[in-house]
């Protein structure tokens, strides 16, 4: 079914979406307050839900293509698992998996600071990317009616 | 925790839960579940679990409701009987 | 009433009785002095067992202390040395220096008169006092999520990824990906 | 008698409410025929268990809020320059928070998988009522 675009909804969505995404970035990076990767990723996915609600699903899919979505959902997991393997490699096998304090960065600055930096800028961002991509993908798959799809339907 | 606020919120929680599984219209049930998530997020923030309340408000009341409404758009809205 | 409703009611009533029976034994929540929120202490008399102190000074865990600790179901300290500190505290620290965890201050021993008190940190107390200087974030929940229980969170992220793949496999019925 | 009621019944009100919610969700999962109602019951069950765990982690000293704070260290310098936890401040137990934080997100993901299964069942049978699905399965 084809709906006519609503001016109020479109304008409000255009106004809201950048602020929602900025808030999501604020939540996901940084460890000073409440929040973290899970919450930031879900709030970021909520901005795409708002986009789909306002502008329709085909336009939303063209903004965030499936190939991007598939790549991002595994990229975040690779961030997280890769920093764990990097801890083993860069400490020459001394440290355990996911032991951020053993990275060579800890010799330059404080060890606690290294762990905090790794948590807030690698681990949380990795979690947030995975959660954002997976939740967006799930929402698109659940909301996409096959009769609206033109190409490739069997 | 603040005991009177806690008691009021938990009482509303039970009422909303029973209403959500009793009501015939599935869209109304989903919206009641969203309200349930918000009330329980309030309860958790007031129990000093800020992160859990934040997560529940984002995931339970936001994402799960969106998923369920998207599912309802592709299935039937009315429950039988 | 349909038979499914009746059986569900019966099951709910039985389960409710079981839960009420269980909750009757759980202590009331919110007690700041409960064992989960404080340290637990065991007392040993020095006069009746004088070999405790000599054993501690030699750097081995005495038998009576090990017995007391294992009776409570706690993990046994092994390979420890005793460090003298001010205020009558002897702090047990593991001898093997590991990168992680940095300071495992699980057991404290304090002498008061003729009795020897053995304290053990509860998990939240250790968490609250050491989290800031170990990890450098003020938010204890984030520290626990990403560092102390990092394997757990990695597994949860994998579960979310798997859920996304499962939804794709169930619902995507188009030719091209 | 009054003391017993106050100490045993009223002081554990979170547990009782948690049990009531748990049984509500359990009843919905068994007795309701609609699959969406079953998923709603599953969500209520999950939140009831999380409520139980968060209640275990809370600390109550007295008064309105009474000196207990969230597990976030207050007033620190950036990057933890030897700051020690203030004396006399009681924090809520952060361990149940960590466990339940991941449990909520994973619960949402499993709910999404369940909804995808509901959609597939509707595509196959044209209904999401349990007994009609069984009828069609036996009829065909």
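The values are calculated or read from the model by the stated rules, or taken from the named source; none is laboratory data. Just so we're clear, the structure is a prediction, and the values are computed from it rather than from any experiment. Here the Cβ is made from the backbone with ideal geometry for all residues, glycine too, and neighbour counts use every protein chain on show.
Remarks
- Which listed residue, of A:60, A:40, is over 23 Å from residue C:131 (Cβ atoms), touching a residue at least 60 places away in the same chain (Cβ under 8 Å) and assigned to a helix (DSSP H, G or I): A:60
- Hey, residue A:72 closer than 30 Å to residue A:142 by Cα and in contact (Cβ under 8 Å) with a residue 60 or more places away in the chain or not: yes
- Any chance residue A:137 is facing chain C (nearest Cβ under 7 Å), touching a helix residue (DSSP H, G or I) at 6+ places or on another chain (Cβ under 8 Å), more than 15 Å from residue C:153 (Cβ to Cβ) and modelled with pLDDT of 90 or more: yes
- Restricting the search to helices (runs of 4 or more DSSP H) fully inside segment B:11-81 and requiring at least 1 residues that are within 30 Å of residue C:31 (Cβ to Cβ) and touching a residue at least 24 places away in the same chain (Cβ under 8 Å) gives B:26-46.
- Check on residue B:7, surrounded by fewer than 16 Cβ atoms within 10 Å (Cβ to Cβ), touching a helix residue (DSSP H, G or I) at 6+ places or on another chain (Cβ under 9 Å) and modelled with pLDDT under 95: yes
- Any hit, segment B:29-41, residues being surrounded by fewer than 17 Cβ atoms within 10 Å (Cβ to Cβ), modelled with pLDDT of 90 or more, more than 7 Å from every other protein chain (Cβ to nearest Cβ) and touching a strand residue (DSSP E or B) at 6+ places or on another chain (Cβ under 8 Å): no
- Members of segment C:133-152 found to be facing chain A (nearest Cβ under 7 Å), within 15 Å of residue B:52 (Cβ to Cβ) and in a helix (DSSP H, G or I), listed by number: C:142, C:145
- Restricted to segment D:97-106, and to residues there that are touching a residue at least 40 places away in the same chain (Cβ under 8 Å) and at the interface with chain B (Cβ under 8 Å from one of its Cβ atoms), the residue that is nearest to residue C:142 (Cα to Cα) is D:97.
- Positions within segment D:27-37 being in a helix (DSSP H, G or I) and away from chain C (no Cβ under 12 Å), in sequence order: D:35, D:36, D:37
Listed here are the residues, each with its yes/no results for (1) within 18 Å of residue C:167 (Cα to Cα); (2) under 15 Å from the mean Cα position of the chain (by Cα); (3) surrounded by fewer than 20 Cβ atoms within 10 Å (Cβ to Cβ).
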| residue | (1), (2), (3) |
| --- | --- |
| A:57 | yes, no, yes |
| A:71 | yes, yes, yes |
| A:115 | no, no, no |
| A:136 | yes, yes, no |
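- Residues of segment A:86-108 that turn out to be surrounded by fewer than 15 Cβ atoms within 10 Å (Cβ to Cβ), more than 7 Å from every other protein chain (Cβ to nearest Cβ) and over 28 Å from the mean Cα position of the chain (by Cα), as a count: 4
- Of all residues making up segment C:164-176, the number that are at the interface with chain A (Cβ under 7 Å from one of its Cβ atoms) and assigned to a helix (DSSP H, G or I): 4
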